[in-house]
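A short reminder: the numbers here are calculations on the coordinates, not readings from a lab. All values reported here derive from a predicted model rather than from experimental measurement. Backbone-built Cβ (ideal geometry, glycine too); neighbour counts: all protein chains shown.
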Amino acid sequence: MTELKIEKVTEDSPLKAKVQRIYIKSFPLFERVSLEPFFNSVSDGVEIFALSDEEDVVAFFCTLRKGKYYYLFYLAVDEDKRGKGIGSDILSAVIKNADGATVFLDCEGIYPGCKDRAARVKRLCFYHRNGFKEIGPLQTWRGEKFRTLVYGDKEISEQEIEDFWEIFGHLWEGQEIATIPAAPSSQDGKTAGKEL
């Protein structure tokens, strides 16, 4: 596999449009929030990174860091590059970059009647293979159930998670669900956010 380059993406980065393309293709509408707080680094600990090969951006990930907590907000690999270990490489980079902080994320829940069950099981198995474990009960956001996962032997309580979102939730207050069209040439930059 080709060596991948990791770069922080900012508002004026030439990688921004390519990251947005992967984002729109990878996440259903109800899961999308504005990436602008990540591109603009509007708050300490809010970052977005692109992974590129010799030809193009192949993946991206977004993180939030505060104190001893490091949240993986988004991770997406371009459809054509999946199954090549890039997602696992990203998780390794995230763990390394966390520098001992508790790394956690949310993943779609698996429950009777859930949509796309096979894809959800595959995603959860991916995180399990990479050292994450499920904690706490299913939580509901925008009508969908999610499960929190934490890396390794670390722990995080429901109260600590709630406190974490008290710090970052304001970044997406008052925004609607993202509506960027899939075609990069027609993107108008209007996205919307997570109601935390």
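For the reader, a short list of remarks on this structure follows.
- Helical contribution to [θ] at 222 nm, DSSP H n ≥ 4, -39,500 (n - 2.57), averaged over the chain, rounded to 500: -8000 deg cm²/dmol
- Counting Lys and Arg as +1 and Asp and Glu as -1 over every other residue whose Cβ lies under 12 Å from the Cβ of Tyr127, the net charge comes to +3.
- Between Lys115 and Arg129, the simple spin-label model (points 7 angstrom out along Cα→Cβ) gives 2.6 nm.
- From the coordinates shown, semi-axes √(5λ) of the Cα gyration tensor in Å corresponds to which of (1) 23, 20, 18; (2) 42, 18, 16; (3) 29, 20, 15: (1)
- Region 5-124, dipole about Cα centre (Lys/Arg Cβ +1, Asp/Glu Cβ -1), debye to the nearest 20: 500
- Relative contact order, whole percent, for the chain stands at 21, derived from Cα pairs under 8 Å and 6 or more residues apart.
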